[in-house]
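**Q** Next up is a structure, given as structure tokens.
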Amino acid sequence: METAGGAAGQCNRNLGGRNTSSSSFRLRSPSLNKVRLRRIFDIFDKNNDGMISIDELSKALGLLGLNADMAELESTILSYIQPGNVGLTYKDFEDLHVSLNSVFFGLEEDVDEKAQDEADLSEAFKVFDEDGDGYISARELQVVLSKLGLQEGREIDRVEQMISSVDRNHDGRVDFFEFKNMMSCVIVPSS
């Protein structure tokens, strides 16, 4: 099992770097469907204007531990912003996502989707399981929600309710199987 320090080390790599050996924060997931991509867009769009500015994107990536050089980020993003807009619309964001898939990870036609979904869920679980003990505690969930700037991250009672709503064995924390079960309820199959 990976240690918390190892996971943090993977997340601190430069966004512009082509470190494809790590599977952390991969954008190529076939299960990263439009519903989840839209949720990411909405989280990044801090002022809720329907666009993600370069500054909003930079701040969101920073909160996730992904260091992005502002000049490099700007040069990459500007080609996706439509004339007259001050940021990426959802469609622009979606196009950027597809492009990053191709550039950084290549197009893999033969990917076993079920195995890839399992690997993606495991990586997502590791984001929340900061101490690497195989469980997501209320504190760990609160830390991640706070980093993303979500209201729930400020209220431990709400976080504990979120944990208990998926905690099938009532041990006060979420194991990988409970996490996987929860995610299967919210994931809409890719079209």
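The values are calculated or read from the model by the stated rules, or taken from the named source; none is laboratory data. No experiment lies behind these values; they were computed from the predicted model shown. Neighbour counts run over all protein chains shown; Cβ positions are idealised from the backbone, glycine included. Surface areas here come from the heavy atoms of the whole protein model, side chains and all, with no ligands, DNA or RNA. Shrake-Rupley method; radii C 1.70, N 1.55, O 1.52, S 1.80 Å.
**Q** Could you please tell me which pairs satisfy a Cβ distance under 8 Å, a separation of 6+ or placement on different chains, a first residue in the stretch 158-171 that is farther than 15 Å from residue 146 by Cβ and open to solvent by 80 Å² or more (accessible area, probe 1.4 Å), and a second residue that is assigned to a helix (DSSP H, G or I) and not aliphatic (A, V, I, L, M)?
**A** The qualifying pairs are 168/178; 168/181; 169/178; 170/164.
**Q** Which residues, taken from the stretch 142-157, are open to solvent by 70 Å² or more (accessible area, probe 1.4 Å) and either in contact (Cβ under 8 Å) with a residue 24 or more places away in the chain or of a type in the set (Gly, Ala, Ser) (or both)?
**A** Correct list: 147 only.
**Q** Might you let me know whether the stretch 69-77 holds any residue that is part of a loop (DSSP other than H, G, I, E, B), modelled with pLDDT under 90 and open to solvent by 70 Å² or more (accessible area, probe 1.4 Å)?
**A** Looking through the stretch 69-77, at least one residue is part of a loop (DSSP other than H, G, I, E, B), modelled with pLDDT under 90 and open to solvent by 70 Å² or more (accessible area, probe 1.4 Å).
**Q** Considering only the stretch 117-154, state which residues are aliphatic (A, V, I, L, M) and assigned to a helix (DSSP H, G or I).
**A** Those that are aliphatic (A, V, I, L, M) and assigned to a helix (DSSP H, G or I): 119, 121, 124, 127, 138, 141, 143, 144, 145.
**Q** Of all residues in the stretch 26-52 being touching a Leu at 6+ places or on another chain (Cβ under 8 Å) and at pLDDT 90 or above, which is nearest to residue 67 (Cα to Cα)?
**A** That would be 52.
This table checks each residue for (1) within 22 Å of residue 147 (Cβ to Cβ); (2) touching a helix residue (DSSP H, G or I) at 6+ places or on another chain (Cβ under 7 Å); (3) of a type in the set (D, E, K, R); (4) in contact (Cβ under 8 Å) with a residue 40 or more places away in the chain.
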| residue | (1), (2), (3), (4) |
| --- | --- |
| 38 | yes, yes, yes, yes |
| 41 | yes, yes, no, yes |
| 54 | yes, yes, no, no |
| 69 | yes, no, yes, yes |
| 82 | no, yes, no, no |
| 85 | no, no, no, no |
| 90 | no, yes, no, yes |
| 95 | no, no, yes, no |
| 98 | no, no, no, no |
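**Q** Testing residue 180 on (1) without any contact (Cβ under 8 Å) to a residue 40 or more places away in the chain; (2) open to solvent by 60 Å² or more (accessible area, probe 1.4 Å), one condition comes back false. Which one is that?
**A** (1)
**Q** Can we say residue 100 is modelled with pLDDT under 90, under 22 Å from residue 55 (Cα atoms) and under 17 Å from the mean Cα position of the chain (by Cα)?
**A** Answer is yes for this residue.
**Q** Among residues belonging to the stretch 104-137 that are aliphatic (A, V, I, L, M) and either over 12 Å from residue 180 (Cα atoms) or at pLDDT 85 or above (or both), point out the one that is surrounded by the most Cβ atoms within 10 Å (Cβ to Cβ). Lay out the reasoning, then the answer.
**A** Of the residues in the stretch 104-137, the ones aliphatic (A, V, I, L, M) are 107, 111, 115, 119, 121, 124, 127, 136.
Pick out the ones that are also either over 12 Å from residue 180 (Cα atoms) or at pLDDT 85 or above (or both) and you get 107, 111, 115, 127, 136.
Details: 107: 9, 111: 14, 115: 9, 127: 17, 136: 26.
That would be 136.
**Q** Of the conditions (1) open to solvent by 50 Å² or more (accessible area, probe 1.4 Å); (2) at pLDDT below 90; (3) assigned to a helix (DSSP H, G or I), residue 91 fails just one. Which one is it?
**A** All conditions pass for residue 91, except number (2).
**Q** Any idea which of (1) assigned to a loop (DSSP other than H, G, I, E, B); (2) modelled with pLDDT under 90; (3) open to solvent by 80 Å² or more (accessible area, probe 1.4 Å); (4) within 22 Å of residue 144 (Cα to Cα) is the one residue 65 doesn't satisfy?
**A** With (1) assigned to a loop (DSSP other than H, G, I, E, B); (2) modelled with pLDDT under 90; (3) open to solvent by 80 Å² or more (accessible area, probe 1.4 Å); (4) within 22 Å of residue 144 (Cα to Cα) applied to residue 65, the lone miss is (3).
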